[in-house]
Amino acid sequence: MTRQSFVASATFPPHRLARLAAAAVGVGLAWAALSTVAHAPDWGLLARQPFVIQLHIAAALAALLLGTVQLVGIKGTGLHRLIGWSWVVAMVTVAFSSLFIRQINPGSFSLIHLLSGWTLVALPMALFAIRRGRVASHARGMTWTFVGGLIVAGAFTFLPGRLMWEVFFG
């Protein structure tokens, strides 16, 4: 397979872009519905958190931005590789730092830490896949790590009583 055909075959398909747009609209509608209880974010609450939580949030936001760019961008380029490695570093930081955050079960791990463990296992597997030329396996692994390790886990932080709920709605 030539480099040009690889890049062309690995671009983001239009139907996935439509799904991503639909998800963004859904999030926007949910945000609008919640705006009845929302207020200006309490950034001071974040500033008062321990360093590990601030690091975790910063890395998660970086991973969210980089991961979104990766999902919609052209695959197989040098830029894709640079952003991808940056995303992996951000995701490892998110997953590793979460192991030191234990507010749900004071002093113990909670069920959400299973996503951290899964992320720390899935990332090397997806990297190994691309090293072996298994593009579809790599794409699947990275996409599901983005969805499960970032989007699903991030959604849990907006449940009532959790920190991000308090920052935006509490």
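Quick look at the numbers
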item	result
Among (1) farther than 18 Å from G149 by Cα; (2) within 11 Å of the chain's Cα centre (by Cα), the one test that F51 misses	(2)
Of the criteria (1) among the hydrophobic types (A, V, I, L, M, F, W, C); (2) assigned to a helix (DSSP H, G or I); (3) under 26 Å from P41 (Cα atoms), which one L79 fails	(3)
Among (1) within 30 Å of G26 (Cα to Cα); (2) over 12 Å from the mean Cα position of the chain (by Cα), the one test that T93 misses	(2)
Test: residue in the range 146-153 that is under 14 Å from the mean Cα position of the chain (by Cα), aromatic (F, W, Y) and farther than 19 Å from L65 by Cα	no
Residues (touching a residue at least 24 places away in the same chain (Cβ under 8 Å), open to solvent by 70 Å² or more (accessible area, probe 1.4 Å) and farther than 20 Å from F158 by Cα) located in the range 73-108	I74, F96
The one condition in (1) modelled with pLDDT under 90; (2) more than 22 Å from A24 (Cα to Cα); (3) aliphatic (A, V, I, L, M) that I130 fails to fulfil	(1)
All helices (runs of 4 or more DSSP H) inside the range 109-170 with 2 or more residues being open to solvent by less than 20 Å² (accessible area, probe 1.4 Å)	113-131, 135-146
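The values are calculated or read from the model by the stated rules, or taken from the named source; none is laboratory data. For clarity, every value in this text was computed on a predicted model and none was experimentally measured. Don't worry about glycine lacking a Cβ; one is built from the backbone with ideal geometry, like all the others, and counts go over all protein chains shown. Protein only, heavy atoms only, side chains kept; ligands, DNA and RNA dropped before computing areas. Shrake-Rupley method; radii C 1.70, N 1.55, O 1.52, S 1.80 Å.
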